[in-house]
Amino acid sequence: MTSPGRLDTATTAAPDPVDGGAPPPDPAAERRARLLRGLRKRWSFVVLLVLVAVFGTLRPDAFLTTFNMRSIATDASSYLVIAVGMTFVITLGGIDLSVGSVLVFSGVVSLQAMHWLGTDTWTTCLAGLAVAVLSGAAWGLVNGLVTTRGEISPLIATLGAFAAAQGLAFVLAGGQDMHDVPLTLANGIGYGSVLGIPWPVVIALGVAAIGGFAMSQTRFGRYTSAIGSNEEAARRAAINVDRHLVKVYMLSGLLSGLAGYISLARFQTTTLNGHSTDMLLAILAVVIGGTSLLGGVGTVLGTVIGVTIPSVLSSGFVILGFEAFWQQVAIGVALVIVVIVDQRNRRRAALR
Amino acid sequence: MRMRTPPLVALGVVATLVLAACGSSDDGGGSGGTGSKPVKVTFIQGVAGDPFYETMACGARAAAAKDGVQLTVQGAKDWDASLQIPLLNSVIATKPDALFIAPNDAQALVQPLKQATSAGIKVILVDTTIADTSFVSSAIASDNLKGGEAAADALAKLIGEKGPVLLVGGQPGVSTAEARQKGFEDGLKKYPGITYLGNVFTGDGVAKISQLVSSQLAAHPDLAGIFALSTDQSEGANNAVKAAGKAGQVKVVGFDAGPTQVEQLKTGIVQALIAQQPAQIGADGVDQAVAAVRGQTVQKTIGTDSATITADNVAQPDVAKFLYTTTCG
């Protein structure tokens, strides 16, 4: 089970079959060719570099500042947490459209739990975290069970959860954004930072690191890509496919819950209207990052890069003073181009 | 084994870039805009593409051209703090001399706007407001309380001062909408014959609003009047009334005077519109921003008037200035 284009393994630099043959006649040309091939494989990273270079050249005073880098990182971090979960779901060959709604739902119930406690201590915040994460995982359990036991497409199952979680969040919140997030949480996590890095970024990178490790080094990750590339084969290899599916959807839900909790800390409100397109951004990040929509190939490091591109684009566009709607156009075009190039490279790699 | 890992090289480049950026980070102090340098102002709309905020942007652009101000307009695609705050942060990174913003949330925007102030950017609020205005230079808005009262009066007149009426609101937590609702509810107290059925929160999106209002029409067949709080709400309520075959029977008063609403007023689907003066608010935003940057006196709060527009007076030139556009004229 080789995975072309996989970025997250430390052994990714293993020699290509072609390189392993006779010594090349011209070392410089071979080096160039190899560099080019490497770059093509890491297309999304090159796109990110080019974007940073372009914006940085045009407005170095505004774009390349600590403040802006921190803003971009914080912005991307909120999508990164759900995108890590999405990476597993897509690698599995599934899809989770419910992430944005589950995020909002978990934020609402978590805030309600903290209001119910009525205190403003770290214990309150931890209780809130537990509620957020568990409620997210509960939605994931529903998604997983509906997909496996109900035997329907995850597209439909999670679309249903998307609508239901959003609706329930509005019902629970009384149709309005709730406020009064405990100050311990807002000041500690929302505005707090470690060594100058905002807590939301630290948490998101932590999640990505664990996710990357789990994807490449653990049985959980191997099962995920095994099922994604050939479900029947995985079943015959005595993998309990249904149970693993449920676990992966629960992971995605759990991370959405965590993202909802971080969102509470950052914005001190339940942001009921701000997450309707989160699933698109998460899918976009995962696909731009190099995870195959067909399943079987997943890379968390790629997702980290994929999630940064839209944030860099929107920040850069605002800084250059483009109209807001162009940002969406550019992000949409970027997605399609990256996927076209990526698929072409994959086909070429498969032919080699 | 040399040169095997271009991504590592690239990573190194980025790391260097980032480090260089961190190293050369400046203190973000405002330049003050003294002397011949043009004043740089950014306007952050409540939501992009909305006729109300587009008209505000038009007013701002006209004032900016007159005053020689370098104006940039930005807006998020939806009305939500989680979308507006990253946008605001990018604007802060460009270090304009001043910014004026229609904040999406009364509490969530306080801290980020304080950050703008501490970066040396003068902050002015337009339309909506925030919980703590101690640090802002000026707050400019329609007098929404009076606007709500005007709507109550207009609706009462249309329905003969009796019957059940409904308020169709957007989403709670929006300071302007809350003021309009309060003004409307206070205004209705003058009319004992009118029963107030309460506020239906609909969120945004004409289709969804239309659907929710349709259900209300089914639940209250004797409904006499609707006050729709904002652009989308007017349109949605109109669609629902029309679809129920009750055009004219259920009187609708809308807030705002976008092209669609004016068209509906002319065709008799809406009987009255309460219009704000977004262009004036935008122009005031630029003027106050310039005054704040140049250290001149600013008005801490400015309340702009609203007007009641009916089919009878819509053509009059003194009412025409209240109509919104999506293209700057």
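What do you reckon, is residue A:312 within 11 Å of chain B (Cβ to nearest Cβ) and without any contact (Cβ under 8 Å) to a residue 40 or more places away in the chain?
On the way: within 11 Å of chain B (Cβ to nearest Cβ): yes; without any contact (Cβ under 8 Å) to a residue 40 or more places away in the chain: no.
In short, no.
The set of residues in segment A:264-303 being buried (at least 24 other Cβ atoms within 10 Å of the Cβ), of a type in the set (Val, Ile, Thr) and not in a helix (DSSP H, G or I) consists of A:269, A:270, A:271, A:291, A:299.
Within the set A:221, A:188, A:174, A:196, the sole residue that is away from chain B (no Cβ under 14 Å) and of a type in the set (Gly, Ala, Ser) turns out to be A:221. If only residues of segment B:68-78 that are surrounded by fewer than 24 Cβ atoms within 10 Å (Cβ to Cβ) and touching a residue at least 60 places away in the same chain (Cβ under 8 Å) are counted, the one that is farthest from the other protein chains (Cβ to nearest Cβ) is B:69.
Kindly check whether there is at least one residue in segment B:27-46 that is surrounded by fewer than 23 Cβ atoms within 10 Å (Cβ to Cβ), in contact with a helix residue (DSSP H, G or I) (Cβ under 8 Å, 6 or more places away or on another chain) and at pLDDT 85 or above. Within segment B:27-46, one or more residues are surrounded by fewer than 23 Cβ atoms within 10 Å (Cβ to Cβ), in contact with a helix residue (DSSP H, G or I) (Cβ under 8 Å, 6 or more places away or on another chain) and at pLDDT 85 or above. Here residue B:85 passes the criteria (1) surrounded by 24 or more Cβ atoms within 10 Å (Cβ to Cβ); (2) among the hydrophobic types (A, V, I, L, M, F, W, C); (3) within 10 Å of chain A (Cβ to nearest Cβ); (4) not in a helix (DSSP H, G or I) except the one numbered (4). Listed by first and then second residue, the pairs with beta-carbon distance under 9 Å, at least 6 apart or on different chains, first residue in segment A:215-239 and within 18 Å of residue A:252 (Cα to Cα), second surrounded by fewer than 20 Cβ atoms within 10 Å (Cβ to Cβ) and aromatic (Phe, Trp, Tyr), are A:221/A:213.
Condition check ((1) in the same structural domain as residue B:160 (by TED's automatic domain parsing); (2) in a helix (DSSP H, G or I); (3) modelled with pLDDT of 85 or more) across all residues:
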| site | (1), (2), (3) |
| --- | --- |
| B:186 | yes, yes, yes |
| B:207 | yes, yes, no |
| B:213 | yes, yes, yes |
| B:251 | yes, no, yes |
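Among the residues of segment B:184-221, just one is within 17 Å of residue B:158 (Cβ to Cβ), surrounded by fewer than 18 Cβ atoms within 10 Å (Cβ to Cβ) and in contact with a Phe, Trp or Tyr (Cβ under 9 Å, 6 or more places away or on another chain), namely B:196. Would you confirm, using the coordinates I've provided, whether residue B:165 is surrounded by fewer than 23 Cβ atoms within 10 Å (Cβ to Cβ), assigned by TED's automatic domain parsing to the domain that holds residue B:238 and among the hydrophobic types (A, V, I, L, M, F, W, C)? Judged against the criteria, residue B:165 is not a match.
Considering segment B:237-259, and only residues there that are surrounded by 20 or more Cβ atoms within 10 Å (Cβ to Cβ) and touching a residue at least 40 places away in the same chain (Cβ under 8 Å), the residue that is nearest to residue B:201 (Cα to Cα) turns out to be B:237.
Filtering segment A:58-68 to residues that are more than 11 Å from residue A:316 (Cα to Cα) and either under 24 Å from the mean Cα position of the chain (by Cα) or more than 7 Å from chain B (Cβ to nearest Cβ) (or both) leaves A:61, A:66, A:67. Filtering segment B:201-232 to residues that are out of contact with any helix residue (DSSP H, G or I) (no Cβ under 6 Å at 6 or more places or on another chain) and aromatic (Phe, Trp, Tyr) leaves only B:201. Counted as qualifying within segment B:253-329 are the strands (runs of 3 or more DSSP E) with 1 or more residues that are within 25 Å of residue B:165 (Cβ to Cβ), namely B:272-275, B:307-310. For segment A:204-235, the candidate set comprises residues that are surrounded by fewer than 20 Cβ atoms within 10 Å (Cβ to Cβ) and among the β-branched types (Val, Ile, Thr); within that set, the residue that is farthest from residue A:80 (Cα to Cα) is A:218.
Out of the residues in segment B:260-273 that are modelled with pLDDT under 90 and within 20 Å of the chain's Cα centre (by Cα), state the one that is surrounded by the fewest Cβ atoms within 10 Å (Cβ to Cβ). First the steps, then the outcome.
Looking only at segment B:260-273, we keep the residues that are modelled with pLDDT under 90, and these are B:260-271.
Those still in the list that are within 20 Å of the chain's Cα centre (by Cα) too: B:260-262.
Working: B:260: 20, B:261: 26, B:262: 23.
In this case the residue turns out to be B:260.
Evaluated against (1) in contact with a Lys or Arg (Cβ under 9 Å, 6 or more places away or on another chain); (2) in the same structural domain as residue B:293 (by TED's automatic domain parsing); (3) hydrophobic (A, V, I, L, M, F, W, C), residue B:151 falls short on exactly one condition, (2).
Restricting to segment B:274-297, name every residue that is polar (S, T, N, Q), under 30 Å from residue B:251 (Cα atoms) and surrounded by 21 or more Cβ atoms within 10 Å (Cβ to Cβ). Give the derivation first.
First, pick out the residues of segment B:274-297 that are polar (S, T, N, Q): B:276-277, B:280, B:288, B:296-297.
Pick out the ones that are also under 30 Å from residue B:251 (Cα atoms) and you get B:276-277, B:280.
The answer is B:276, B:277.
Every condition in (1) within 13 Å of another protein chain (Cβ to nearest Cβ); (2) assigned to a helix (DSSP H, G or I); (3) among the hydrophobic types (A, V, I, L, M, F, W, C) is met by residue A:165 except one, and the failing one is (1).
Note on segment A:119-162: residues that are farther than 13 Å from residue A:94 by Cβ and assigned to a loop (DSSP other than H, G, I, E, B) amount to 6. Across segment B:97-115, the number of residues qualifying as touching a helix residue (DSSP H, G or I) at 6+ places or on another chain (Cβ under 6 Å) and within 11 Å of chain A (Cβ to nearest Cβ) comes to 5.
When each of A:256, A:216 is tested for being part of a helix (DSSP H, G or I), more than 22 Å from residue A:156 (Cα to Cα) and hydroxyl-bearing (Ser, Thr, Tyr), the lone residue that passes is A:216.
Looking at the structure I just gave you, is residue A:306 in contact (Cβ under 8 Å) with a residue 12 or more places away in the chain, under 21 Å from residue A:47 (Cβ atoms) and either buried (at least 24 other Cβ atoms within 10 Å of the Cβ) or at the interface with chain B (Cβ under 9 Å from one of its Cβ atoms) (or both)? Before you say what the answer is, go through the steps one by one.
Details: in contact (Cβ under 8 Å) with a residue 12 or more places away in the chain: yes; under 21 Å from residue A:47 (Cβ atoms): yes; either buried (at least 24 other Cβ atoms within 10 Å of the Cβ) or at the interface with chain B (Cβ under 9 Å from one of its Cβ atoms) (or both): yes.
It is true that residue A:306 is in contact (Cβ under 8 Å) with a residue 12 or more places away in the chain, under 21 Å from residue A:47 (Cβ atoms) and either buried (at least 24 other Cβ atoms within 10 Å of the Cβ) or at the interface with chain B (Cβ under 9 Å from one of its Cβ atoms) (or both).
Within segment A:57-71, if we keep just the residues that are crowded, with 20+ Cβ neighbours inside 10 Å and in contact with a Gly (Cβ under 9 Å, 6 or more places away or on another chain), the residue that is nearest to residue B:115 (Cα to Cα) turns out to be A:65. Every condition in (1) within 17 Å of the chain's Cα centre (by Cα); (2) within 12 Å of chain A (Cβ to nearest Cβ); (3) buried (at least 24 other Cβ atoms within 10 Å of the Cβ) holds for residue B:92 except the one numbered (1). A single member of B:175, B:230, B:234, B:214 is closer than 24 Å to residue B:259 by Cα, out of contact with any strand residue (DSSP E or B) (no Cβ under 7 Å at 6 or more places or on another chain) and of a type in the set (Gly, Ala, Ser), and it is B:214. Taken together, the residues in segment A:232-276 that are within 14 Å of another protein chain (Cβ to nearest Cβ) and out of contact with any helix residue (DSSP H, G or I) (no Cβ under 7 Å at 6 or more places or on another chain) amount to 1.
The values are calculated or read from the model by the stated rules, or taken from the named source; none is laboratory data. The model shown is predicted, which means the values in this text are computed figures rather than measured ones. Neighbour counts are summed over all protein chains in view; Cβ atoms, including those assigned to glycine, are modelled from backbone coordinates with ideal geometry.
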